1. Could you list all residues from the stretch 53-103 that are surrounded by 15 or more Cβ atoms within 10 Å (Cβ to Cβ), more than 20 Å from R121 (Cβ to Cβ) and among the hydrophobic types (A, V, I, L, M, F, W, C)?
2. Being in contact (Cβ under 8 Å) with a residue 60 or more places away in the chain and hydroxyl-bearing (S, T, Y) is the filter; apply it to the stretch 7-53 and report the residue that is nearest to L236 (Cα to Cα).
3. Which number in (1) in contact with a Lys or Arg (Cβ under 8 Å, 6 or more places away or on another chain); (2) more than 19 Å from A274 (Cβ to Cβ); (3) at pLDDT 95 or above marks the one condition that V231 misses?
4. From the list L200, L236, pick out the single residue that is touching a strand residue (DSSP E or B) at 6+ places or on another chain (Cβ under 7 Å), at pLDDT 95 or above and either charged (D, E, K, R) or closer than 23 Å to S288 by Cα (or both).
5. Being outside any helix (DSSP H, G or I), touching a helix residue (DSSP H, G or I) at 6+ places or on another chain (Cβ under 9 Å), in contact (Cβ under 8 Å) with a residue 40 or more places away in the chain and basic (K, R) is the requirement here; does R118 meet it?
6. Among the residues of the stretch 77-106, count how many are free of Cβ contacts under 8 Å to residues at least 24 places away in the same chain and within 24 Å of the chain's Cα centre (by Cα).
7. Within the stretch 256-266, work out how many residues are touching a His at 6+ places or on another chain (Cβ under 7 Å) and surrounded by fewer than 19 Cβ atoms within 10 Å (Cβ to Cβ).
8. Report, by residue number, each residue of the stretch 127-149 that is within 20 Å of the chain's Cα centre (by Cα), surrounded by fewer than 18 Cβ atoms within 10 Å (Cβ to Cβ) and in a loop (DSSP other than H, G, I, E, B).
Amino acid sequence: MDAAPVATIPVQQLRAGDHAIASYNDDDAGGDVVAAFTWTGLAKREKVMLFAAPQVAEDQVWNRLDTPGPLLSIARDRGQLVVSSMRALIHPDRHFTPERQWQRIEEETEQALAEGYRGLRTYIDMHWVGDLNADVAVMMYRESHAEHLFTDRPYTEVCSYDSRWFTDEVLGAMHEAHPCRLLPHLGALHAEHTDTVVRLAGEADIATREQFIAALREGLARTADAQGLTVDLSGLSFLSAACTMDLLRLVASCAHQSVEVRCHSTVARLLRRADPGRIPHLLIREVSRT
């Protein structure tokens with residue numbers, strides 16, 4: 001199986017070795033992403049560390065996680081789920097340096113493995129930069145030179161930026177520095193268009209069906225002269241039966257010589273159950289992320 005391109009993805013598709021960026025512009029935004037990030041890590045038997053914005057009290061962090069109860073308490077008590085801060089991470093150092101943070105993350109990853117977990121995942125709100133009075137340029141250096149933390153190591157990291165606090169220049173550079181970009185909330189659908197490719201990420205269901213259809217129509221119209229289109233669904237975390245039929249209907253009615261649909265095995269099975277054999281110019285190709 002060929003590797004599918006990595007760009008914007010839903011939080012559910014994060015896996016060990018991913019270094020992702022998230023952004024928000026509302027104090028109440030992104031809570032569902034943090035909750036999904038946390039519970040997915042716990043389900044995968046990974047250790048999860050949450051570094052919230054310094055102005056957010058620890059009790060608030062716990063309360064914002066979905067479905068608090070016995071399972072959350074168990075994970076908290078046994079140390080699988082930890083709420084911390086950048087100050088605590090680099091202690092006893094008082095000033096941030098990339099080297100010190102890298103060292104501590106490597107130590108925490110090794111400690112997670114020693115405790116019997118499959119890896120470590122961290123969600124870091126970048127407001128720590130202001131809290132520690134750190135140089136933004138130094139932070140940017142850390143972000144763009146952290147590959148060694150993820151190479152052959154079961155470590156996953158999300159860096160969450162408040163777009164009201166960081167400049168557009170910094171945000172633009174940081175988006176370039178991170179291999180993965182997270183969708184801002186659960187249930188969202190994101191479309192990207194290139195010359196002969198339309199890439200869809202997120203959830204294609206009743207809430208996003210019109211957006212799903214519009215993206216496919218635009219891709220087909222834009223590539224009418226090229227006679228070929230690739231529909232990349234590898235970034236979808238959910239595809240409804242209705243959207244599946246919409247896809248097949250649009251492909252069946254187009255005049256393209258070929259339409260290649262790239263998707264993970266679960267989506268491929270759904271498409272094949274819908275009897276795509278009646279569409280000779282449709283090719284279903286299973287792909288995987290690397």
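1. Of everything in the stretch 53-103, just one residue is surrounded by 15 or more Cβ atoms within 10 Å (Cβ to Cβ), more than 20 Å from R121 (Cβ to Cβ) and among the hydrophobic types (A, V, I, L, M, F, W, C), namely F96.
2. Among those that are in contact (Cβ under 8 Å) with a residue 60 or more places away in the chain and hydroxyl-bearing (S, T, Y), it is T8.
3. Result: V231 fails condition (2) only.
4. Checking each option against the conditions leaves just L200.
5. Answer is yes for this residue.
6. Total satisfying the criteria: 1.
7. Number of matching residues: 3.
8. Result: H145, single match.
The values are calculated or read from the model by the stated rules, or taken from the named source; none is laboratory data. Owing to the predicted nature of the structure, the values given are computational and were not obtained by experimental measurement. Positions of Cβ are generated from backbone atoms using ideal geometry, with glycine treated the same way; all protein chains shown enter the neighbour counts.
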